[in-house]
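Comments concern the structure below.
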Amino acid sequence: MSTLTDSRRSAFGGTHLSKESGNSNAVTSMSNAYEMKDNYDQSESEYDLPKEHTHIKVEEVTLPETSEDVEKGKGSTIWEGDPSEMTDSPYPEVRAVLPPTDDPTIFLNHWRTWFLVTVFVVIFAGVNQFFSLRYPSLTINFLVAQVICYPVGKTLERLPNWKCRLTPFFNLNPGPFTKKEHAVITIAVALTSSTAYAMYILNAQVSFYNMPANGGYQLLLVWTSQMLGYGAAGITRRWVVNPASCVWPQTLISVSLFDSLHSRAVEKSSANGWKIPRYRFFLFVLVGSFVWYWVPGFLFTGLSYFNFVLWGRKTRYNFVVNTIFGVSSGIGALPISFDYTQISQAMNGSVFATPFWVSANTYASVLIFFVILLPILYFTNTWYAKYMPVISTSTFDNTQKKYDVTRILNSDFTVNFEKYKNYSPLFVPFSYLLSYALNFAAVIAVFVHCGIYHGKDIYGKLKDSNFGGRDIHRRIYQQNYKDCPDWWYLILQVVMLGLGFAAVCGFDTHFPAWAFVIALLIAFVNFIPQGILEAITNQHVGLNVITELVCGYMLPFRPMANLLFKLYGFIVMRQGLSLSRDLKLALYMKVPPRLIFFVQIYATIVSGLVNVGVQEWMRHNIKDFCSPEQSDGFICANGRTVFNASIIWSMPKYLFSSGRIYNPLMWFFLIGLGLPLVVFGLQLLLPKLRFLKAIHTPIFFAGPGNIPPSTPYNYSLFFAMSFWLYIIRRRWPLWFKKYNFVMGAGVEAGVAISVVIIFLCVQFPGGTLKWWGNEVWKKTYDYQSKKYYTVKTGEKFGYDKWW
């Protein structure tokens, strides 16, 4: 007997498995010769830990006799052989929603697929672009498209069966609307439906910097910032997409939804006493979620921002009580809410797909830095904190007003140092400062952690793309479909690189070519470590802060350059990893890789045309477009935020350099370097201490990255929900395995549809509901973001010299 280390040997997924051996031929329909059973031992469940600390023993398989045996933890999860010979996925979360089967005879490359892709991409990209420029804004989640697409596709499958003699592509009815076709459309919409970040950059350049920008420049900026990452995603598939350890948990929500919508199989098995079919369960959850959201989302918003402790006369204007129990600008010490969106706006990804150990690492960081440390720093007035709110999304000048960046600009939109000296230093609330500090640590920790736990695997896959073995889904995929060769993605990368140089050098962007190259290097160097991180944990480290900081030092006082450096240094990686996620979904759903390659490029081109077209139409046809006084709310809040940030981050020398007020935060770069080494050393010295095995330093640092605008209140709710899901999985494992992802799909799709209906049919036309339940939570210091100290008119706070 031998022992194989789990292919997620690090929490990133470091693999030290033996190379593929034996017969690697994939099979379309699997036999029951072997079956991997779930080990639900409630005292020592391996699934509860980061996977670098779990092992798969190789012995003869012993199947449990009944489902009760599995539930009680009898019958170990034992396999014989390596993953290349396993007949199902090594991971229980994948096995729960995805059978190891495929039907390669399903024909997908026909007019209906491309028609539905075009329609859904145009509608969702257009609507999201339109409302992204309005405040409050609206984003229609791709889950809405996934649900709506089903009845549309099923309707089209009823068309007459008229055949085209020239080519089957134009057959009026190509056949049943299958899960695979549904997946192609969902992948296209997921990748392109949300507003391209480049549109915020263009909005800042055109509407706030008054930069002339023709249609060619705008399209080049959008397409290159989106598709430069596509090449990286394709080239790095061997590390980020293909390994079984790269689960991409968020995709399992979509996989479960596909199965719930399309499957009508009679499910006779009982899951901890529940026999309801998953499809019916999904419908119940979807309808219930849709109906219920109207209560906290419109009828009684106090149930969403449930700061009920502050509703009394003696508490609503008590600063300390508001700091402790506040949900908007406080630390949310009593996290109760009846609104799922308060949970979902905390961490990246769904709580139903995020492993509990990820939530635990994140909340430990939130608890230490934002619940304990932040109030201490605030009430000791460290760095003049009491002159600002406890938690805020704004920055301030020395009169407690929001920092007016236009007062320090020249006519060419570079920063005027003399104006800066005559105006005010920049004061940043601790909600931002602690987030910056943790981000500084995270961008270093992700490399150290990856090198420690995953270095051998990265090197092995560099020499052999199948290093560590191929799981059953990968084997089926390779046998049934021709893969896209790496050179396809390499050509795409070269073409986009050339167009990128054309965009930044052929127009008056104030962005030198050498800075463009450095920005891309940052994006590409981070791609594999960040991709492995997100594929396993459902989280990522944002590069927005570090790219702004680097550019601020390289190109000081040049905010327009800062805009594009962040775009190409951060968004290229993010968009590329979004493609990596969708490539994994395509692998799970067995969508032909060559078809999905062209569909994704096509969808990106179409969505870019729609984004630019909609924004340009609005700019020329909406009165007072992007003005703070615009009557319909089209004030371009996102573009204004990007504009302000570019100016602020163009002068980090006066914030973070030696002797400056926020210089101590730079020590977090060293903390990010050292803490992963310390944790690794302790794990080697104390191998039996389970607490140490659960520590994941990149997640610890990166998890709270959404604060602000999220607050500790949101993170507490997310952790509480994750904890209850963890309890359910431990006590009722069969129920969790059957219904968890279905429940997540139903909850999130129901809320997403409800948000759209409320906004478009009630709020956008001007509908309001004013009563005590919608106003009481606003009549607090918490909602008003009250400051502890208030300076008198004409007075200033802070230091006298800041340059």
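FYI, it's all coordinate maths here, none of it is from the lab. This one's a predicted model, so the numbers in the text were calculated from it and none came from an experiment. All Cβ positions, glycine included, derive from the backbone under ideal geometry; neighbour counts span all protein chains shown.
Cysteines of the chain lacking any other cysteine beta carbon under 4.7 Å?
Taking the Cβ cut-off of 4.7 Å, the unpaired cysteines of the chain are CYS149, CYS164, CYS246, CYS450, CYS484, CYS505, CYS551, CYS761.
Using Cα positions and a limit of under 18 Å, work out the lysines in reach of LYS275, with same-chain residues fewer than 8 apart set aside.
LYS737, LYS738
Out of ALA720, PHE177, PRO160, whose Cα points farthest toward the positive end of the dipole of the chain (charges: +1 Lys, Arg; -1 Asp, Glu; placed on Cβ)?
The listed residue farthest towards the positive side: ALA720.
Taking the dipole about the Cα centre of the chain, with the C-beta of Lys and Arg at +1 and of Asp and Glu at -1, give me whichever of THR323, VAL147, VAL504 is farthest to the positive side.
The Cα lying farthest towards the positive end belongs to THR323.
Once the Cα atoms of helix 544-554 and of the chain are each reduced to a long axis, what angle between those two axes, in degrees from 0 to 90 to the nearest 10, is obtained?
Rounded to the nearest ten degrees, it is 50.
At 7 Å along the Cα-to-beta-carbon direction for both MET666 and LYS402, put a label point, then send me their distance in nm to one decimal.
3.1 nm
Just how large is the dipole of the stretch 251-322 about the Cα centre, in debye to the nearest 20, putting +1 at every Lys and Arg Cβ and -1 at every Asp and Glu Cβ?
Once rounded to the nearest 20, the dipole reads 240 debye.
With +1 assigned to the C-beta of every Lys and Arg and -1 to the C-beta of every Asp and Glu, and no other charges, what is the dipole magnitude of the stretch 690-803 about the Cα centre in debye, to the nearest 20?
Taking the Cα centre of the stretch 690-803 as origin, the dipole is about 480 debye.
What number do you get for the stretch 402-508 when its Cα radius of gyration is normalised by 2.2 N^0.38 Å, N = residues?
It is 1.88.
In degrees between 0 and 90, to the nearest 10, how far off the longest principal axis of the chain does helix 249-262 point, with axes built from Cα atoms?
Rounded to the nearest ten degrees, it is 60.
Full-extension gain between ASP103 and ALA513, please, as 0.36 nm times their residue separation minus the C-alpha to C-alpha distance.
The span from ASP103 to ALA513 would gain 142.8 nm if fully extended.
Round to a whole angstrom and tell me the spacing of the C-alpha centers of the stretch 763-803 and the stretch 364-382.
Centre-to-centre (Cα) distance: 21 Å.
With each label point set 7 Å from Cα along the Cα-Cβ vector, what nm distance links LEU609 and PHE417?
4.9 nm
Report Rg(Cα)/(2.2 N^0.38 Å) for the stretch 572-655, keeping two decimals.
Against the compact-globule rule of thumb, the ratio is 1.61.
What angle do you read, to the nearest 10 degrees and between 0 and 90, between the alpha-carbon axis of helix 430-463 and the longest principal axis of the chain?
Once rounded, one gets 30 degrees.
Between beta-carbons, use under 15 Å as the cut-off and find the net charge around ARG594, counting Lys and Arg +1, Asp and Glu -1.
Net charge around ARG594: +1.
When the helices in the chain are scored as -39500 (n - 2.57) per DSSP H run of 4 or longer and the sum is shared across all residues, what 222 nm value do you end up with, to the nearest 500 deg cm²/dmol?
-16000 deg cm²/dmol
FRET efficiency for TRP311 and PHE598, Cβ-Cβ distance as r, R0 = 45 Å, nearest 0.05?
Calculated value: 0.20.
Counting other C-beta atoms within 10 Å, which of VAL240, VAL371 has the fewest, and how do the rest follow?
Final ranking by Cβ density, sparse to dense: VAL371, VAL240.
Indicate the gyration tensor shape class of the stretch 655-803 (rounded, prolate or oblate), computed on the Cα atoms with a ≥ b ≥ c the square roots of the eigenvalues: a/c under 1.5 is rounded; otherwise a/b larger than b/c is prolate and the rest oblate.
oblate
Pop a pseudo-label 7 angstrom from the Cα along the beta-carbon direction at both ASP800 and PHE338 and give the gap in nm to one decimal.
5.7 nm
Give the distance, in whole Å, between the Cα centre of the stretch 152-187 and the Cα centre of the stretch 195-248.
Answer, in whole Å: 31.
What is the Cα centroid distance between the stretch 611-630 and the stretch 494-569, reported in whole angstrom?
Taking the Cα centre of each part, the stretch 611-630 and the stretch 494-569 sit 27 Å apart.
Can you quote the Å³ per residue value for the convex hull of the Cα atoms in the stretch 527-636, rounded to an integer?
163 Å³
Which one is right for this structure if Rg and Dmax of the Cα atoms in Å is calculated from it: [x] 26.6, 83; [y] 29.7, 131; [z] 27.3, 88?
Only one listed value fits the structure, namely [x].
Compute the length gained on full extension between TYR553 and ASN214: take 0.36 nm times their separation in residues and subtract their Cα-Cα distance, giving the result in nm to one decimal.
Once the chain is fully extended between TYR553 and ASN214, it gains 119.0 nm.
Pairs to check: LYS456/LYS566; LYS386/LYS566; LYS386/LYS419; LYS154/LYS584; LYS402/LYS566. Give those whose C-alpha atoms are more than 28 Å from each other in this structure.
In this structure, LYS456/LYS566; LYS386/LYS566 exceed 28 Å between Cα atoms.
With +1 on each Lys and Arg Cβ and -1 on each Asp and Glu Cβ, and nothing else charged, work out how big the dipole of the chain is about its Cα centre, in Debye to the nearest 20.
With Lys and Arg at +1 and Asp and Glu at -1, about 1260 debye.
With unit charges on the beta carbons (Lys and Arg positive, Asp and Glu negative) and the dipole taken about the Cα centre of the chain, which residue among GLN763, LEU734, VAL222 sits farthest to the positive side?
Positive-most Cα among the choices belongs to GLN763.
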